[in-house]
1. Tell me the residue from 316, 332, 325, 303 that is more than 20 Å from the chain's Cα centre (by Cα) and touching a residue at least 60 places away in the same chain (Cβ under 8 Å), please.
2. Which residues, taken from the range 99-120, are surrounded by fewer than 17 Cβ atoms within 10 Å (Cβ to Cβ), more than 16 Å from the chain's Cα centre (by Cα) and assigned to a loop (DSSP other than H, G, I, E, B)?
3. Of 81, 124, 85, which residue is closer than 17 Å to residue 9 by Cβ and surrounded by fewer than 21 Cβ atoms within 10 Å (Cβ to Cβ)?
4. So which residues in the range 270-287 are in a loop (DSSP other than H, G, I, E, B) and either touching a helix residue (DSSP H, G or I) at 6+ places or on another chain (Cβ under 7 Å) or surrounded by 15 or more Cβ atoms within 10 Å (Cβ to Cβ) (or both)?
5. Before we move on, is residue 88 part of a loop (DSSP other than H, G, I, E, B) and in contact with a strand residue (DSSP E or B) (Cβ under 8 Å, 6 or more places away or on another chain)?
6. Anything in the range 18-39 that is modelled with pLDDT under 95 and surrounded by fewer than 18 Cβ atoms within 10 Å (Cβ to Cβ)? List them, or say none.
7. In this structure, is residue 337 within 19 Å of residue 119 (Cβ to Cβ), at pLDDT below 95, in contact with a helix residue (DSSP H, G or I) (Cβ under 7 Å, 6 or more places away or on another chain) and buried (at least 17 other Cβ atoms within 10 Å of the Cβ)?
8. Assigned by TED's automatic domain parsing to the domain that holds residue 308 and under 21 Å from residue 319 (Cβ atoms): does that describe residue 164?
């Protein structure tokens, strides 16, 4: 079996931890592994039977490595991704740094796998909320052409990182014990027992950056700039698993049952849709799972060609680490990554 030299940038963050778990779970063919970080430099981390010391990023950190899995934020990625690519290390980047660059593919393997073919050393991993939306919508778009999308997201605190998880947990404990929690540090307001209709900063159009990411990334991935999209992104006190209420309007009529049958055959999707038995996707059920779960599929009675659905996915797995590794697996399958020497 061919094996590859892999470097993980951001190896001890929330997504980096998941990178490590998924690589082992999927028996990714690794020859040599290197972990890079900043605050965790010098820490020794278990990776299967190996013990790997976290190293700082240096000019030669990527020399001799075939594949880089990045999740250290946009600023660091902009500083080092091109350097890594120039050294022959193909970068799959989980930050927002490269997603909308016209010469860099933005890939979800179940949706636009062929886009990996035109990479120039860097491939971008989409936003978590975008990934879980486009996977179930792509087959519908191919069949009936989606004209408009209205999406509201209910996003877990893990999307912000480990500090947000800890803050939500601590605030919840304090409130339940009747203690006034400290002033929020991660979010502008308390997240425990609350819902914050703000993810990332507000832009001039009064949408947040997160909402506009969903607009622009969806069009790029599906390859149709004519789709009208509006989004509202909400942070909720859930640890893992983003939920989305999605309404679409199509050119061609499609029934709810046709959507169910279509999605049952779609790789990476599990249909959980039986209202009579109170069966629909839940964040706690999606946590730790690879699939995207879809339910509450029904026709929109307010327009001729409309469908509503509820979509849930583990934002750290399929929304970040898993999709990144699936991109790498896709390139290996197509013979696009050099074998370790």
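The values are calculated or read from the model by the stated rules, or taken from the named source; none is laboratory data. If you're wondering where the values come from, they're calculated on a predicted model, not measured in any experiment. Here Cβ is always computed from backbone atoms with ideal geometry, including for glycine, and neighbour counts include all displayed protein chains.
1. After applying the criteria, what remains is 332.
2. 101, 102, 103, 120
3. 85
4. The answer is 272, 273, 280, 281, 282, 287.
5. Working: part of a loop (DSSP other than H, G, I, E, B): yes; in contact with a strand residue (DSSP E or B) (Cβ under 8 Å, 6 or more places away or on another chain): no.
So residue 88 does not fit the description; no.
6. Of the range 18-39, the ones modelled with pLDDT under 95 are 37-39.
Selection gives 38, 39.
7. Values: within 19 Å of residue 119 (Cβ to Cβ): yes; at pLDDT below 95: yes; in contact with a helix residue (DSSP H, G or I) (Cβ under 7 Å, 6 or more places away or on another chain): yes; buried (at least 17 other Cβ atoms within 10 Å of the Cβ): yes.
Here the answer is yes, as residue 337 does meet what is asked.
8. yes
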